[in-house]
Amino acid sequence: MHAKAHEDGLRLVFGPIEAQGIHAVSPDFQHMTGTIVNTAAIIVGTIVGTVLSRGIKDKYKVGLYDALGLASLAIGLNATITHLPKSQYPVLFIVSLAIGSIVGTRLDVDGRFHRLIDKRSKAANGKSLADGLATAILLYCIGPLSMLGPVISALKGDHTFLFTNATLDFVSSTIFASTYGFGMILAAPVLFLWQGLFYVTAQVSSQAISDALMAELLIVGGLMITGSGLSLLNLKDCKTLNLLPALLVPVIWFVIKGLFVV
């Protein structure tokens, strides 16, 4: 009886996907074509951008740098504003950011990342490669196409979302590389692991990612991208990477809710 209630509670959190005829399965990687193409697009775009940067004057690089900042603001705000009405818990993103910032600051995630990257490499124009990587990783990974795409690929074998995302990321990676240099290629394996996480999770248990959870992650992630845009424009150093733990808070909340709420 208790086990049945426990199962029903989890189903309320993650959605009645099983009822639609989709069941938990062992990981099957044959449908990862979309993620592979998306990763390759970033690699190729980085190479192209690095080559093109040699012929771009500094004043144009500054313009590209500002353009990236403005684009980050637009993409981040759009993600947050679009998904706020879909939130079942309007204050959860505030709690997530608060807890995430405390944990991230305590662990000094942003500082450790910058020291690790900048110790080994600097962008060609003197800009911090760590700043570029932090922004690029957030832009590549946080978004409906990058997060829903692997799930759809895993469950239906449809790569449309990821092929579309690959096209956008190719353009973005070209611009990033022309500004920050070849080191931006490090964002490619991060994207592969991120999308792979969603892919494997959907393959193992198709119930594990609900629309409600996705909405909360996109709200928090959108604000993180907005923070990166402010940093790129030198308006405010939000130390965005210190907010990364905030992405775990909605996940933990939904797991707890599934365990104890029937």
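The values are calculated or read from the model by the stated rules, or taken from the named source; none is laboratory data. Worth saying up front: this structure is predicted, and the values here are computed from it rather than measured. Note that each Cβ is placed from the backbone with ideal geometry, even for glycine, and that neighbours are counted across all protein chains shown. When the accessible area is computed, the model is the full protein with side chains, heavy atoms only, and any ligands, DNA or RNA have been set aside. Shrake-Rupley method; radii C 1.70, N 1.55, O 1.52, S 1.80 Å.
I'd like the distance separating the alpha-carbon centroids of region 192-222 and region 47-106, in whole Å.
Spelled out, the Cα-based centre of one part sits 19 Å from the other.
Using a Förster distance of 30 Å, how high is the FRET efficiency between K57 and V190, based on the Cβ-Cβ distance and rounded to 0.05? Each step should come with its number before you reach the end.
Working: r = 30 Å, r/R0 = 1.02.
Efficiency computed from Cβ-Cβ geometry: 0.50.
Write down the accessible area per residue of region 114-262 in Å², having rolled a 1.4 Å probe over the full set of protein chains.
Working: 6050 Å² over 149 residues.
About 41 Å² of surface per residue is accessible.
What translational D, rounded to a whole number of µm²/s, comes out for region 130-190 from Stokes-Einstein when the hydrodynamic radius is the Kirkwood one over Cα pairs, at 25 °C and 0.890 mPa s? Each step should come with its number before you reach the end.
Working: Rh = 12.0 Å.
For these conditions, the coefficient is 204 µm²/s.
With every protein chain present, what is the per residue accessible area of region 46-105 (1.4 Å probe, Å²)?
Working: 3600 Å² over 60 residues.
Here the residues of region 46-105 average 60 Å² of exposed surface.
Counting only protein heavy atoms, what percent of the accessible surface of region 142-226 is carbon or sulfur at a 1.4 Å probe? Provide the component values of the computation, followed by the final result.
Values: 2170 of 2830 Å².
Here carbon and sulfur together make up 76 percent of the probe-accessible area.
Return the distance in nm (one decimal) between the two label points of a simple spin-label model at K257 and S87, each offset 7 Å from Cα along Cα→Cβ.
Roughly 1.2 nm, to one decimal.
Give the residues of region 177-199 whose amide nitrogen is closer than 16 Å to a point set 7 Å from the Cα of V44 in the direction of its Cβ.
Once the point is set 7 Å along Cα→Cβ of V44, 188 turn out to lie under 16 Å by backbone N, inside region 177-199.
Which pairs break 26 Å Cα to Cα here: K236/K257; K57/K239; K86/K257; K59/K236; K86/K156? Please list the in-between numbers first.
Details: K236/K257 36 Å; K57/K239 29 Å; K86/K257 18 Å; K59/K236 22 Å; K86/K156 24 Å.
Flagged as over cut-off: K236/K257; K57/K239.
What distance in nm separates the simple spin-label points at N78 and L116, each placed 7 Å from Cα in the Cβ direction?
Calculated label separation equals 3.1 nm.
Students often check this: by mean Cβ neighbours within 10 Å, which of 236-245, 223-232 ranks highest, and how do the rest follow?
Per-residue mean Cβ counts within 10 Å order the peptides as 223-232, 236-245.
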